[in-house]
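For reference, the structure is listed below as structure tokens.
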Amino acid sequence: MDFGGGDEIRFERIGRAGVVTLTRPQALNAITHRMVTALTRALHAWEHDADVALVLVKAEGRAFSAGGDIVQVYHAGRAGAPPADFFADEYRMNALIEGYRKPYVALIDGIVMGGGVGISCHGSHRVMTENAQFAMPEVGIGFFPDVGASHLLPDLGGCFGFYLALTGNRIRYGDALWSGLATHTIKAADQAGLIERLTEVGDPEQVLRGFFTPARRETERPVLEAIARHFSQPSLKAIVESLERAAPEDEFAAATLATIRKRSPTSLAVTFRELRAGQTLTMAECVRMEFRILCRMLTGHDFYEGIRAALIDKDGRPTWHPPSLEAVRGAEVDAYFAPLGDRELAL
């Protein structure tokens, strides 16, 4: 089936399922505008096709998807044409997935970050193998957790979503299951059998009961309690101060504080406010808010500096502006959330 994805994404009708396969393994299945457009077309078509009982999304290679193709975004922005349209279409697709009227099964075997989270973790069934690794690492490149993360992360218990967003740290499939990011965990060796049964039966609840293998939570209880204690503070400043007080005698607090201090101060401030706002917003409201932030990020400094340091020059030494949390002004953060007028995201 051809929805215009070329060699980047494949669409098939197999049995009772519409099957999507991400086919850019050499690029860790980084999401492109072409992939977003094609997947959106397929989802609209299959939602109204009586012969399609469910949608199954999987990927080739060792990553489900490592995120959006941000190197492409970097070059476009540096050329004076920041690709806001790509993000607008991506956010619309994320909202479509979150509200999809048929079962949407994401089979995650490998890395899932950024844009990859957007096409998987809003689905009704998020199935991870022992190879899965989840992260939203955007604050490390001067960006912010987008693709609906402001709707997804605040709902995780014990302030776990705030911890993930403000550190960018990775977790494995046990923590993903415990936190609610994954709905099911299975053995990687069982993927072919699961796919065969899903396409035959068309009922993911029935099929997944036979393949589900419980995964042990990787993060120990004392650390989970520390995360809840530190990241439940009412402001970003209070979170940092809480970590600072504990750091001299607490290895976790010291390591977490060191990680946060490496991140873009502006990104941290914007991300904290974004997640706090997302606690009371619908998915549609969240992606509209994220688009406002995105448009300002694309004309700012830290996003391009973060990508330069991580992926262009690869020196790992970004120079953030401003350089510290103390130097980030409230009015500067407010500006990221201001209405866009006639450029607001339309859903």
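We did not get these values from a lab; they are worked out from the coordinates using the rules stated. Please read all numbers here as calculations on a predicted model, not as lab measurements. Cβ atoms come from the backbone with ideal geometry, glycine included; neighbour counts cover every protein chain shown.
Structural remarks
- Neighbour net charge for ASN94 - beta-carbon separation under 12 angstrom, K R +1, D E -1: -3
- The packing ranking of peptides 93-105, 249-261, 143-155, highest mean first, is 143-155, 93-105, 249-261, where packing means the average number of other beta carbon atoms within 10 angstrom of each residue.
- Here the relative contact order of the chain, from alpha carbon pairs under 8 Å that lie six or more residues apart, stands at 16 percent.
- Over the chain, DSSP H runs of length four or greater, each weighted -39,500 (n - 2.57), average out per residue to a 222 nm ellipticity of -13000 deg cm²/dmol.
- Note on LYS237: lysines with a C-alpha under 25 Å away, same-chain residues under 8 apart excluded, are LYS262.
- Placing pseudo-labels 7 Å out from each Cα toward the beta carbon at ASP334 and ALA238 gives an inter-label distance of 2.1 nm.
- 0 to 90° range, to nearest 10: angle between helix 265-278 axis and the chain longest Cα axis: 60
- Those lysines that a straight Cα-Cα span of less than 20 Å connects to LYS58, excepting residues fewer than 8 apart in one chain: LYS102, LYS187
- Computed over the stretch 236-347, relative contact order equals 29 percent, with contacts defined as Cα pairs under 8 Å that lie 6+ residues apart.
- DSSP bridge analysis restricted to the stretch 101-179 gives an antiparallel fraction near 20%, rounded to the nearest 5.
- Choice from ARG34, ARG16, ARG78 showing the highest fluctuation, given a GNM over the chain with Cα pairs closer than 10 Å: ARG78
- Solvent-free Debye scattering, log10 I(q)/I(0), computed from the Cα coordinates of the stretch 209-332 at q = 0.09, 0.18, 0.22, 0.23 Å⁻¹: -0.36, -1.13, -1.27, -1.29
- Environment charge of GLY202, counting only residues whose C-beta is closer than 13 Å and scoring Lys/Arg +1, Asp/Glu -1: -2
- In a DSSP loop and with at most 11 other Cβ atoms within 10 Å, the trypsin sites (Lys or Arg not before Pro) in the stretch 289-319 are LYS314.
- For the stretch 93-174, the relative contact order works out to 30 percent when only alpha carbon pairs closer than 8 Å and six or more residues apart are counted.
- Area projected by the alpha carbon convex hull of the stretch 10-158, averaged over all directions, nm²: 9.2
- All Cα-Cα separations within the chain were binned at 20 Å from zero, giving a P(r) of 31, 58, 11, 0, each value a whole percent of the pairs.
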